[in-house]
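Heads up: the structure comes next, in structure tokens.
The values are calculated or read from the model by the stated rules, or taken from the named source; none is laboratory data. Keep in mind it's a predicted model, so treat the numbers as computed, not measured. Backbone-built Cβ (ideal geometry, glycine too); neighbour counts: all protein chains shown. Just the protein is used for accessible areas: all its heavy atoms, side chains included, with ligands, DNA and RNA removed. Shrake-Rupley method; radii C 1.70, N 1.55, O 1.52, S 1.80 Å.
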Amino acid sequence: MVDAVGVGFFLPISLLVLIRHNGLDSVDAGAAVTVGALVAICTIPSAGQLVGRLGPRRGLQTSNLLSAVGAGLYLVAYSSPLAAVASFVGMFGDKVYGAAWPALVASMFGRDRVGSWLATANAVRTGAVAIGSIAATVLLASGSTRALTWAVVANIASKTLSMLAVAWLRSEKWAPLEKTSFKDVLEPLANRSFMRLLTGQTLLSVAWAVTPVVFPLLLVAGLGLPVYWATVVLAVRYGVIALLQIPIRKATNSWSDSTVMGTTYVLVLASLILCSVMLSSRSHNFAVTGSAALIAVVGIALAEILSKPAASQAAVLASPPGREIPFMAVFQLSWTLSYAAAPLLVGVGVETPLFMWVALILLVGAGGFVQLIPQLKEWHAKLR
């Protein structure tokens with residue numbers, strides 16, 4: 001929870017730091033962050049190996065350290081190559097986190113309860129991120145670039161405190177892998193059902209990047225809204241998830257996987273279509289533009305509530321017992337690729353918003369088709 005407050009400070013302003021604090025062009029900044037994130041994707045097998053050797057608890061500590069260093073590098077990234085390095089370090093920390101956190105939950109509470117525990121943890125974490133976003137909103141309302149610096153410093157401090165707090169967790173029963181190889185880490189690629197889940201979630205997750213990555217730059221730099229809107233939309237998103245995650249999880253426990261994912265795709269596509277209609281023109285006043293953005297944020301947040309815990313549990317259950325780390329390391333691709341491509345997409349989208357929204361709609365639609373293929377075949381057979 002401690003590090004999540006810092007995430008709330010940093011997420012909505014990461015690109016703004018490069019553009020407004022460091023003076024980089026929006027397209028150059030977006031391209032640099034994308035390059036760093038794409039290179040970090042190549043470290044996913046290494047992240048899995050590292051967590052396998054350290055164990056999930058120490059893996060979490062390592063991820064906090066890397067994230068703190070990456071955030072600090074953003075403040076001195078006065079060129080595109082340095083921005084790419086900052087992005088790479090922070091994203092590698094994210095890869096380590098993605099392999100360690102679900103494995104820690106599985107080792108402490110059991111594989112069959114991963115979904116419920118992740119839903120609870122997600123509610124608490126997103127509430128903490130919302131607190132950080134609200135605090136960042138207060139800072140950014142001053143309009144000073146110094147506020148961007150303080151937001152980054154707050155993120156670094158939260159990562160440091162979290163690294164110390166994790167050390168006090170009770171030691172989980174986890175035997176570090178004595179020998180690991182890239183073949184072991186890439187084992188999930190041979191699992192057909194896992195790969196269908198991974199492909200569908202990867203295409204869907206471009207929508208998860210809309211609120212923290214697309215909206216801050218598009219609303220402020222593209223549509224001219226006040227700078228505090230960058231954190232308002234993120235605070236609303238995390239507030240909705242924090243308040244509704246647990247009640248919705250309980251209400252939908254009896255739903256089938258196809259119903260959960262079908263509802264998810266409907267919510268996301270409706271939100272993106274609204275954005276394509278209302279946010280593609282620069283002629284709207286602030287009330288209309290802001291209202292459309294907030295409605296879309298709520299729709300995407302509800303979709304996240306439904307999808308993320310269910311998808312994570314499906315990925316864990318697809319792995320053989322004791323092999324959760326390599327499967328979850330690879331499953332990170334489901335959000336890594338989208339967050340890597342989003343900065344470049346929004347850099348272009350500032351100039352041509354309609355193109356960006358249409359591209360997002362097509363990607364999410366393709367993800368729904370891939371992930372729901374078995375259900376679509378079943379429904380087609382029943383109709384014949």
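For this structure, a couple of remarks:
- Above-threshold pairs, the threshold being 23 Å between Cα atoms, out of Lys95/Lys159; Lys250/Lys308; Lys95/Lys250: Lys95/Lys250
- Annotation note: trypsin sites (Lys or Arg not before Pro) in segment 213-318 located in DSSP loop regions with a Cβ neighbour count of at most 14 within 10 Å are Arg282.
- Accessible surface, 1.4 Å probe, highest first, among residues Leu362, Leu198: Leu362, Leu198
- Solvent-accessible area of Phe286, all protein chains in place: 100 Å² (probe radius 1.4 Å, heavy atoms, ligands and nucleic acids excluded).
- Accessible-area order (highest first, 1.4 angstrom probe) of the listed residues Asp28, Asp257, Asp94: Asp257, Asp28, Asp94
- Annotation: amide H of Trp255 has no partner in the under-5 Å range at sequence separation 5 or more or interchain, hydrogens built in the peptide plane.
- Counting only protein chain heavy atoms and rolling a 1.4 Å probe, the accessible areas of Met278, Met356 rank, largest first, as Met278, Met356.
- If you look at the Cα atoms of segment 190-245, you get an Rg and a Dmax of 15.4, 48 Å.
- Whole-Å semi-axes of the ellipsoid equivalent to segment 227-290 (Cα gyration tensor, √5λ, descending): 29, 17, 7
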